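Nothing in this text is a laboratory measurement; each read-out follows from the coordinates by a stated rule. Predicted, not measured: the structure shown is a model, and the values here were computed from it.
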Amino acid sequence: PPADGQEVGRDGVYIAYANGIVKDTTTGLEWMAGPDRPMSRIEARAWVESLNVGGGGWRMPTGGELKGLYQYGKGSRNMTPLLKTTGRVVYLRGWDNSGFDFDLGAITGITALGANFNIGPFRAFAVRSRSSG
């Protein structure tokens with residue numbers, strides 16, 4: 001299990017730990033939902049880069065990794081409710097103005113955000129891949 005984490009819940013392939021880490025047992029990825037408040041991309045990146053929970057090693061997710069969380073009709077955000085957030089759009093690694101919207105009825109994928117596109121509030125998610133053993 002993630003460092004310093006005691007299991008506190010399960011949801012299909014996901015395991016939640018007391019330290020806030022949620023592990024996807026299929027992909028091996030470990031997730032952390034950021035502070036549940038609107039934040040800028042700069043704040044999101046700073047939060048991810050400073051995260052030391054469970055031994056560190058966190059980064060911002062890719063669009064493909066976020067798509068892997070998508071489960072139509074699951075919870076209020078079409079993803080496991082073990083990742084506790086009320087945000088609608090999550091910042092991605094490597095895209096200055098992009099997000100992934102979990103709140104729609106179907107996968108929307110990576111969406112370029114322009115002046116006429118305002119579906120926030122944005123949240124940060126951190127992800128890491130840990131080898132077993």
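Overview of values
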read-out: Under the Karplus curve 6.51 cos²θ - 1.76 cosθ + 1.60, θ = phi - 60°, whole-Hz ³J(HN,Hα) for region 30-37, x wherever Gly or Pro sits; value: 10, 10, 9, 7, x, x, 7, 8
read-out: Other-chain or far-sequence residues with amide H under 5 Å of N78's (modelled H); value: G73
